[in-house]
């Protein structure tokens, strides 16, 4: 009788150990591959070029670029009767902003938005025949404190009413420095604001002011 009880206990213990072993065998190779694939997809969606998280980081870096450019613009204006650069017959922001380089800034890296895919520029060299990332409101003065001076590339060079598209709403060009997540505005007093793709306020073109895109 005692032997029978011991035998039953042994059988029960073997059964429990066997069931536990089955539970702890781990994932199969296919299961592991599926998990890895899902993690890669999730990582790409969260940190990829067009992701909101990635663009948020790039937008902050872009703001620093614009603030550095404002220093050069302000020094230029101090030397030119408070007038920001004006170049006769300029058709692009590169042509209008070229007078800044290299006298007022040799740091041409600041002309490239880190959220864009624009190529790096040679340090201290002319902007002519190059491509920058920012639009420029040519004709503004330092006294126009509440007016916009520079922005990320816009969808076009027209004045904008509140609610109109300033930047891409799809992530496709034009105006997609920050995919579909809006862009930065640099004002004539030096502060920078981030707005969505559709402007929350009007961006007028006052007399003598033209908007130039890259």
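The values are calculated or read from the model by the stated rules, or taken from the named source; none is laboratory data. What you see is a predicted model; the values in this text were computed from it and never measured. Glycine also receives a Cβ, built like all others from the backbone with ideal geometry; neighbour counts cover every protein chain displayed.
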query: Given the conditions (1) in a loop (DSSP other than H, G, I, E, B); (2) over 23 Å from the mean Cα position of the chain (by Cα); (3) at pLDDT 95 or above, which single one is not true for residue 131?
result: (2)
message: Here is a list: 168, 116, 143. Which entry is surrounded by fewer than 21 Cβ atoms within 10 Å (Cβ to Cβ) and either part of a loop (DSSP other than H, G, I, E, B) or over 19 Å from the mean Cα position of the chain (by Cα) (or both)?
response: 143
statement: Per the filter on segment 197-214, residues touching a residue at least 24 places away in the same chain (Cβ under 8 Å) and not in a strand (DSSP E or B) are 197, 199, 200, 201, 202, 204, 205, 206, 208, 209, 213, 214
query: Could we say that residue 163 is in a loop (DSSP other than H, G, I, E, B), surrounded by fewer than 18 Cβ atoms within 10 Å (Cβ to Cβ) and touching a strand residue (DSSP E or B) at 6+ places or on another chain (Cβ under 7 Å) here?
result: yes
query: Considering only segment 122-137, how many residues are under 25 Å from residue 78 (Cβ atoms) and surrounded by fewer than 20 Cβ atoms within 10 Å (Cβ to Cβ)?
result: 5
